[in-house]
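One structure below.
Derivation of every value follows stated rules applied to the coordinates shown; laboratory data play no part. Nothing here was measured: the structure is a model prediction, and the numbers come from that model. Neighbour counts are summed over all protein chains in view; Cβ atoms, including those assigned to glycine, are modelled from backbone coordinates with ideal geometry.
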Amino acid sequence: MASSLKETAFFAIRERLLSGTLPAGGKLSELAISRELGISRTPVREAINQLASEGLVEHRPNAGAFVKKPSRADLEDVYEVREWLETTAVVAATKRITSEKLNELQEICTESRRLAHEVRDSGLRYADESTLQRRAMAESMFHITLMRASGNRRAVKILGDNHIISQIWGHIPDRDDVRMLARIYREHSRILKHIRRGDAELARRCMLEHIRRGRDSVLAAFDWHQRQLSMGGKTAETWPEPLIRKVRQVEQGED
């Protein structure tokens, strides 16, 4: 039972990390989490310690546990590992994939397209919390399903953990707009198309492009926030919305 409660707490906290509900640098409250989940603090503490051992949480003396705030080098390392391992995995998956796994991947792509349409039809500028959680789940499951299809069980664990870290550290609340969601759907669909055709090389190239686009988006947002912090603490949240929009358009080379 104790182990089950620890797992409940572990996955509940990790889900909040994936969705950005618990942002990088945020403090983790054992008491608040235990009350929310309706369990004692002991399994919550054990779950937090496990997350710390995986590098997602850090303990600060006399302060408590905090969601780790990655450096730029941390982000670059995670995406470099993804490039090395996932491009190899997609080649193996193309050669070994079953019809069952193909159907699973198609269902995930359909969910990604559904999310993009929902955000577009809602009239909102960015995805809400529920959609963010579904997007994170769809993104992770697409890659993890491909890893499983590669047939290398040891690699599944390594790649799965690394992908989850990249999702958590790369979470950017204001980047999940219709264009971003549509891009993820298109790129996943393109990878799947080449796998169906048995073209391992094109699948590998598309996977590499997909990972690098994600990396570039995450690093650009990281640099953006670092510049704001260097401006006397004036973050984007303190600026008028039209100004935020205009500056971002200029920096991104948009009209």
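Between Leu28 and residues 5 or more places away or on another chain, which pairs have amide H atoms under 5 Å apart, with H built 1.01 Å from N, and which residues are they?
Sorted by chain and number, the residues that satisfy this are Ala65, Phe66, Val67.
Just rank Met180, Met231, fewest to most, by other beta-carbon atoms within 10 angstrom.
Met231, Met180
So what is the calculated 222 nm ellipticity per residue for the chain, using -39500 (n - 2.57) for each DSSP H run with n of 4 or more, over all residues, to the nearest 500 deg cm²/dmol?
Working: 10 runs with 186 residues, N = 255.
Helix contribution divided over all residues of the chain: -25000 deg cm²/dmol.
Relative contact order for segment 72-233: what is it in percent, counting Cα pairs under 8 Å that are at least 6 residues apart?
Details: 164 pairs, mean separation 63.7, N = 162.
Contact order relative to length: 39 percent.
Could you put Leu124, Leu28 in order, starting from the residue whose Cβ has the fewest other Cβ atoms within 10 Å? Don't skip to the answer; put the middle values down first.
Working: Leu124 13, Leu28 22.
Listed from fewest to most nearby Cβ atoms, that is Leu124, Leu28.
Divide, for segment 1-60, the radius of gyration over alpha carbons by 2.2 N^0.38 Å, where N is the residue count. Walk me through the numbers before you get to the answer.
Values: Rg = 10.5 Å, N = 60, 2.2 N^0.38 = 10.4 Å.
Ratio of Cα Rg to 2.2 N^0.38 Å: 1.01.
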